[in-house]
Amino acid sequence: MSNYTENELAKDLENQEYKFGFVTDIEADTVPIGLNEDIIRLISFKKNEPEWLLNYRLKAFAIWQEMTEPEWAHVQYQKPDFQAISYYSAPKQTKKYESWDDVDPEMKETMKKLGISMEEQQRLTGVAVDFVMDSVSVATSFKEKLSELGIIFCSFSDAVQEHPELVQKYMGTVVPSTDNFYAALNGAVFTDGSFCYIPKGVRCPMELSTYFRINAGGTGQFERTLVVADEGAYVSYLEGCTAPQRDENQLHAAVVELIALNDAEIKYSTVQNWYPGDKQGKGGVFNFVTKRGICEANAKISWTQVETGSAVTWKYPSCILKGDNSVGEFYSVAVTNNYQQADTGTKMVHLGKNTKSTIISKGISAGKSQNSYRGLVQIYKGAQNARNFSQCDSLLMTDECGAHTFPYIECKNPSAKIEHEATTSKIGEDQLFYCMQRGISEEKAISLIVNGYCKEVLNQLPMEFAVEAQKLLAISLEGSVG
Amino acid sequence: METLISNKLLPFVADLGPTKLQVPQSLQAAAQAYLQGQDFPTTKAERFKYTRLAKLANAQLSAAHQLDAAQLEQYGILTDAYTIYVNNDQILIPQNLPVGLEIHLSTQEAGTFHEASFYDIFGALNILHAQNGVSIALAKNCTLDKPIQIVQVNSGGKSFYRHHFNFGANSEAAIYFVSKQQEQTTSFSHTHLQYEIAQDARIKIFKLQDTAQNHFDFNEDRAQQAAKSHFEINTLTLDGSFVRNDTMVAVQGEHAQTYLNGAYWLKEEQHVANYTTIDHQVANCESFETYKGVAGDKATAVFNGKVFVRKDAQKTNAYQSNANVLLSENASVNSKPELEIYADDVKCSHGSTTGQLDENALFYLRARGLSAASAKTLLLQAFMEDVLTYVKHEEVLAYVQQRIAERFNWNY
């Protein structure tokens with residue numbers, strides 16, 4: 001492939017089919033389609049929820065009905081029909097698995113295809129996996145080891161049953177149902193998710209990981225994740241996703257809330273590879289996610305994301321730096337191909353003194369895709385000596401794609417220092433020339449440059465995850481990465 | 001978040017007469033349609049996110065009155081220029097123009113106002129109600145020996161002006177647009193400036209905004225650039241309680257160069273918003289944008305710069321930067337530098353910084369015997385120099401520096 005040119009690379013990218021496209025045929029317990037109070041009561045009843053949670057859902061539903069879908073994002077899509085979605089789908093066996101062997105073999109097969117076989121995970125990596133398949137947590141491992149330290153890591157529904165006081169105390173404090181249209185929808189119909197609580201002063205000894213997977217036709221997934229790190233605690237949380245190929249658009253409106261109390265640290269890493277639609281832009285997942293964390297004094301929240309999937313992405317992992325000396329970080333690689341559209345970025349809200357935030361965003365656009373960075377850096381009056389550094393780079397692979405930057409910078413404190421810089425360019429011909437002159441083939445050279453371009457972000461991922469992220473980047477941009 | 005209880009736009013437009021200018025019917029129809037059912041935009045509207053119009057909606061404007069020629073002449077800054085005075089319904093045009101330069105009243109001449117985009121109610125109101133304006137044409141290959149100075153004096157009431165410039169091929173000119181305010185008056189003005197820059201023309205626009213603390217100064221600049229032209233707009237906001245600049249340059253010919261620069265020195269409760277758009281429609285062009293400002297007291301500065309690179313505009317180089325220094329606890333800065341890029345072979349970058357003076361630099365100067373005040377002044381002066389360097393006219397530069405020194409007690 002000595003004559004491998006950028007055009008050929010672009011062509012290759014266009015011909016790239018989604019590799020994880022398959023549907024697992026598991027009998028699912030699904031509620032009728034549509035959305036009304038009865039459906040919400042049904043979901044709540046099926047999940048055997050306490051009354052306060054049902055009330056929370058109904059209140060969120062009332063709020064949602066008053067809201068209209070946001071239009072400001074730089075994306076265009078056919079709006080989902082919220083009455084044509086089934087809001088609950090659970091694998092049919094409702095009994096808990098006693099051991100790993102009890103799990104439906106077909107489901108195990110699915111996990112194998114995803115490369116996340118649980119045995120392997122358990123044996124090789126020491127990562128505890130809370131596997132979510134269509135809204136109900138199937139198996140949870142390493143639970144005992146974690147519970148020795150007092151760490152609670154379970155599905156959201158289990159947490160509601162077993163630790164209602166914690167859930168009630170923290171749920172909706174960072175992302176209230178009034179926050180936005182999709183957060184309200186999630187508040188009304190969320191089915192499951194993960195809950196994680198790290199007690200005071202405990203450093204979680206392993207990376208906690210949840211694999212999400214959308215399954216069963218016509219089911220939207222409404223996950224809710226709540227991570228609470230008590231004073232002085234540390235946790236690194238991984239989230240990764242793949243979804244089967246499907247024609248009709250699927251909606252995913254998750255809410256992730258992180259709470260880092262005094263001196264705590266939360267590291268939240270995401271690798272997202274939902275079905276992006278085919279070459280004609282048909283199908284694909286709509287990913288409308290609200291992710292936000294709050295930092296108390298001296299706390300730190302770090303978001304790292306590698307986004308390669310979804311037809312439409314609408315996602316802004318944010319940090320509210322409430323406590324003094326708190327730190328927020330956002331590292332992102334977003335790759336869009338074919339007709340994918342991504343409008344992603346972050347919000348850093350500086351409230352406390354000496355708060356610091358760093359934003360590194362790397363966008364790669366290929367095919368006919370549109371990739372936007374949208375960010376907000378807000379320095380409030382009381383945020384003495386706040387510091388922000390933002391860097392948003394975009395790499396364009398073809399002449400039919402677009403890369404956009406919409407940063408908002410609002411400063412109300414004179415002692416704050418804010419820096420923002422953004423660049424947009426294609427792979428430098430001089431860089432390519434330099435590499436090729438030294439005997440590196442063009443394909444390898446492109447791969448080298450793209451790899452180097454993303455390095456700053458990939459370096460932030462935990463080891464186990466970095467491998468997967470690189471795999472996904474390679475799949476999304478095969479021929480150029482890896 | 002403010003909401004205006006009842007429609008305040010209706011009383012605001014009630015006393016406006018229909019435009020006396022030759023504005024195309026289609027444009028008027030579009031403006032009419034746009035205004036249907038509109039009120040003053042609230043901060044929920046993206047373009048007014050940081051601008052509260054309640055102040056304007058509730059303002060008691062003083063009655064419009066006209067100044068005589070002798071009074072108007074006091075407001076000019078350049079002594080040696082072709083000076084046009086604009087004051088409410090009257091426009092004074094200089095005599096003895098050189099060959100190649102033609103200046104007409106837009107009310108008399110069938111103006112060539114083409115379809116120009118407007119983004120807000122004020123742009124639409126201007127189309128329907130512009131009462132005055134000049135049409136300036138510079139013939140091809142003509143290099144003006146002296147700059148053109150347009151002095152707009154605001155003396156109460158609401159004024160909508162609509163000016164048109166046509167710069168012929170290979171022409172060269174500098175235009176100084178001076179906006180001033182008569183003392184003891186409260187007024188509103190909206191000025192639409194349209195520039196057509198032909199091939200190889202070299203045009204520099206300097207806007208000296210020096211209105212008073214009780215003037216609402218709205219500006220809308222629309223430019224079209226042909227191939228190989230060089231076009232500059234330098235906006236210096238020296239004073240004015242409420243200033244909005246909405247500048248849009250459409251780059252339509254290859255190898256054109258565009259410079260948009262702005263400087264603002266804010267104090268008290270000033271609100272200055274700069275909205276810029278550079279629309280790169282063709283390949284091989286360059287644009288450079290530098291906006292710098294200082295904000296003290298309770299002032300708010302807004303910068304929203306957009307660089308738009310269309311699919312065919314390959315090999316575009318676009319640079320944009322916005323830097324701010326906050327001088328007080330209650331001042332605020334909102335910056336939104338945007339890039340929207342649909343071509344791949346481009347180099348575009350933007351940067352935005354907000355901060356305060358470097359303590360090390362201050363210490364360095366203090367160690368060498370400068371007082372705290374003069375060390376600060378020196379650094380702020382140096383900070384703004386990036387933009388002031390574009391002002392080559394001695395008289396203007398001296399005026400700018402004197403005004404800033406006066407207002408901020410800076411001793412240059």
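Just so you know, all these numbers are worked out from the coordinates, no wet-lab data involved. Given the structure is predicted, the values throughout are model-derived calculations rather than measurements. Every residue, glycine among them, receives a Cβ derived from its backbone with ideal geometry; neighbour counts consider all protein chains shown.
Within the same chain, lysines fewer than 8 places from B:LYS44 are excluded, and of the rest, those with a Cα less than 19 Å from its Cα are A:LYS347, B:LYS8, B:LYS55, B:LYS336. In terms of the Cα gyration tensor, with a ≥ b ≥ c the square roots of its eigenvalues, is region B:314-364 rounded because a/c is under 1.5, prolate because a/b exceeds b/c, or oblate? Note, shape of region B:314-364 comes out oblate.
In region A:291-384, Rg over Rh equals 1.07, where Rg is the alpha-carbon radius of gyration and Rh the Kirkwood radius from pairwise Cα distances.
Once you sort the root eigenvalues of the Cα gyration tensor of region B:343-412 as a ≥ b ≥ c, which label holds: rounded (a/c under 1.5), prolate (a/b larger than b/c) or oblate (the other case)? Oblate is the answer for region B:343-412, as a/c is 1.5 or above yet b/c matches or exceeds a/b. Modelled spin labels at A:TRP72 and B:LEU92, positioned 7 Å past Cα toward Cβ, are 4.8 nm from each other. In terms of its alpha-carbon gyration tensor, chain B comes out rounded; the largest-to-smallest axis ratio a/c stays below the 1.5 threshold.
Using R0 = 45 Å, the C-beta based FRET efficiency linking B:GLN36 and A:PHE433 works out to 0.20. The modelled label-to-label distance for the pair A:ALA84/B:ALA382, using points 7 Å beyond Cα in the direction of Cβ, is 6.4 nm. With neighbours defined as other Cβ atoms within 10 Å of a residue's Cβ, the residues B:HIS163, B:HIS280 order from fewest to most as B:HIS163, B:HIS280. Cross-link pairs exceeding 24 Å in C-alpha to C-alpha distance, out of A:LYS356/A:LYS412; A:LYS267/A:LYS412; A:LYS300/B:LYS49; A:LYS267/A:LYS356; A:LYS145/A:LYS267, comprise A:LYS267/A:LYS412; A:LYS300/B:LYS49. Counting only other chain Cβ atoms within 10 Å of each residue's Cβ, the peptide A:385-398 averages 2. Farthest towards the positive end of the charge dipole of region A:405-470, among the residues A:CYS411, A:ASN451, A:ALA469, is the Cα of A:CYS411, using unit charges on the Cβ of Lys, Arg, Asp and Glu. Have a look at B:GLY369, B:GLY157, B:GLY253 and tell me which one the Gaussian network model of chain B (Cα, springs below 10 Å) gives the largest fluctuation. Evaluated over chain B, the most mobile residue of the options is B:GLY369. Here r is the Cβ-Cβ distance between A:LEU149 and A:LEU54 and R0 is 41 Å; the resulting FRET efficiency, rounded to 0.05, is 0.80.
Taking each residue as 0.36 nm, the span from B:TYR119 to B:LYS8 lengthens on full extension beyond its C-alpha to C-alpha distance by 38.0 nm. May I ask for the distance between the Cα centers of region A:290-323 and region B:261-328, given as a whole number of Å? When both Cα centres are located, 28 Å separates them.
Listed by chain and number, the lysines whose C-alpha is less than 18 Å from the C-alpha of B:LYS20, apart from same-chain residues fewer than 8 away, are B:LYS158.
Distance between the modelled labels on B:THR389 and B:ASN317, one decimal in nanometres: 1.6 nm (7 Å Cα→Cβ projection). Subtracting the Cα-Cα distance of B:ASN409 and B:GLU329 from their residue separation scaled by 0.36 nm leaves 26.9 nm. So what is log10(I(q)/I(0)) for region B:198-274 at q = 0.19, 0.21, 0.25 1/Å, when the Debye sum runs over its Cα atoms only? Result of the Debye calculation: -0.75, -0.84, -1.05.
Computed over region B:198-250, relative contact order equals 51 percent, with contacts defined as Cα pairs under 8 Å that lie 6+ residues apart.
Working from the alpha-carbon coordinates of region B:43-195, get Rg over Rh, Rh being the Kirkwood radius. For region B:43-195, the value is 0.99. One Cα centroid belongs to region B:6-81, the other to region A:395-435; the line between them spans 37 Å.
Considering only B:HIS255, B:HIS393, B:HIS230, give the residue with the highest GNM mean-square fluctuation for chain B, with springs between Cα atoms whenever their separation is below 10 Å. Per the Cα network of chain B with a 10 Å cutoff, B:HIS393 tops the list.
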